[in-house]
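The values are calculated or read from the model by the stated rules, or taken from the named source; none is laboratory data. What you see is a predicted model; the values in this text were computed from it and never measured. Note that we place each Cβ from the backbone using ideal geometry, even for glycine, and neighbour counts take in every protein chain shown.
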Amino acid sequence: MTDDGPGNINRLTIQSFWNSSSFEYVCKNSIGKSGGILAVWDTSCFSLIDSSEGNGFLALLGNWRNIESSCLIIVVYAPQDYREKKKLWKDLSQLITFHNTYSILLGDFNEVRSESERMGTIFDPRGAAKFNDFISLAGLCDLPMGGKRFTRMNTLGSKLSKIDRVLVSNHVIQRWPNSHVFPLPREFSDHTPLLLKNSTVDYGPTPFKLYNSWIDHTDFLSIVQSSWSSAIDGPPLVSFKCKLQHLKKSIKQWQVSVQSTENSFFQDLRDKVDSIDNKAESHPLNSEEIEDRIQWVKLLANFEHQKVKDLRQKAKLKWALEAFDGQKPYL
């Protein structure tokens, strides 16, 4: 929850709307008339380890029931100023990288990702580009939201924007691949309350552990053809079984090699983007540097998008195996 006024937050006030005494809370006081953040949780579901705050965020690190690893939950109330937002994106990236665990960022980011997320207000392409860079480089996934296009609307209904959202790390996508955001009625606020939900769909068991991204790779077909054309003597059924085993081994060896090469390549791209960003803080970039950066960020975004797709497919397979063993997935 974010707050636009100073207000006095105490336990009795929270209990009046929480409707239970089983809770704890952390708050970040507002600066002037904005910037206040309140985080409340059910103590039977979440236990706090540590909390920290900065300009535009309140971070909670804790243990969520039935999850073997710690969780990082960051409530965001981003400032309006472009430079302050740049610093916020950097601070959040460092937090996510440092903890490297289940990470959920939610709140008012005060920025849109594209021109289509604004209506009746001025679109700032520079701010949107920086925000998109942050999401991509931090390895976050912008969860889909159904039911509404915008999350903020002024009193007259003439200015609308999607500045509130939920971003999650790959850890979250892998465990709950069907996570999505559900908008609640706006009622008295100019912002739409958002609810993070997870619904599990029974896709049925997946017969082979083969990722769709492998099939799309330019070298995949030649690897399959080369492996399958290998001569194997013996009865037809035995020969067929051996061919499948040989094909599986060939694909696995190829995939390990490709993954190593791609990881090295994209880490080099991240370093180059970071170097360009550091240069931009001291002097204007030339046209060649700007073009290089655009291309590098685009490649990184495609790479991260493909990783998320693989994680979704992997999580679906994991669910199928657990269901086969008689276990039910839970959130």
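Checked against (1) farther than 17 Å from ASP277 by Cα; (2) of a type in the set (A, V, I, L, M); (3) free of Cβ contacts under 8 Å to residues at least 24 places away in the same chain, ALA128 passes all but a single condition, namely (1). For the subset of segment 1-33 comprising residues that are among the β-branched types (Val, Ile, Thr) and modelled with pLDDT of 75 or more, which member is nearest to the chain's Cα centre (by Cα)? Per the criteria, the residue is VAL26. HIS171 versus (1) assigned to a helix (DSSP H, G or I); (2) surrounded by fewer than 19 Cβ atoms within 10 Å (Cβ to Cβ): which is the lone unmet condition? In the conditions (1) assigned to a helix (DSSP H, G or I); (2) surrounded by fewer than 19 Cβ atoms within 10 Å (Cβ to Cβ), HIS171 misses (2) alone. Picking from residues in segment 115-137 that are out of contact with any Ser or Thr (no Cβ under 9 Å at 6 or more places or on another chain) and in a loop (DSSP other than H, G, I, E, B), the one that is farthest from VAL168 (Cα to Cα) is ILE122. Tell me, which residue of segment 34-57 that is within 14 Å of ALA78 (Cα to Cα) and not in a strand (DSSP E or B) is farthest from the chain's Cα centre (by Cα)? Restricting to residues being within 14 Å of ALA78 (Cα to Cα) and not in a strand (DSSP E or B), the top hit is GLY35.
Contact map, segment 231-260: residues that are free of Cβ contacts under 8 Å to residues at least 24 places away in the same chain paired with residues that are of a type in the set (Lys, Arg), Cβ distance under 6 Å, separation 6+ or inter-chain. Pairs shown: ILE232/LYS243. The lone criterion from (1) surrounded by fewer than 14 Cβ atoms within 10 Å (Cβ to Cβ); (2) among the β-branched types (Val, Ile, Thr); (3) part of a helix (DSSP H, G or I) left unmet by ILE232 is number (3).
Among the residues of segment 112-123, the one identified as touching an Asp or Glu at 6+ places or on another chain (Cβ under 8 Å) and either exposed (fewer than 12 other Cβ atoms within 10 Å of the Cβ) or of a type in the set (D, E, K, R) (or both) is ARG113. Restricting attention to segment 68-112, the residues that are in contact with a strand residue (DSSP E or B) (Cβ under 7 Å, 6 or more places away or on another chain) and not in a strand (DSSP E or B) add up to 11. Scanning segment 275-310 for residues that are loosely packed, with under 14 Cβ neighbours inside 10 Å and part of a loop (DSSP other than H, G, I, E, B) turns up GLU281, SER282, HIS283, PRO284, ASN286.
Here THR218 meets each of (1) outside any helix (DSSP H, G or I); (2) at pLDDT 80 or above; (3) over 24 Å from the mean Cα position of the chain (by Cα); (4) surrounded by 11 or more Cβ atoms within 10 Å (Cβ to Cβ) with one exception, condition (4). Which residue is modelled with the lowest pLDDT, if the candidates are limited to segment 118-177 and must be in contact with a helix residue (DSSP H, G or I) (Cβ under 7 Å, 6 or more places away or on another chain) and among the hydroxyl-bearing types (Ser, Thr, Tyr)? Checking each candidate, the answer is SER136.
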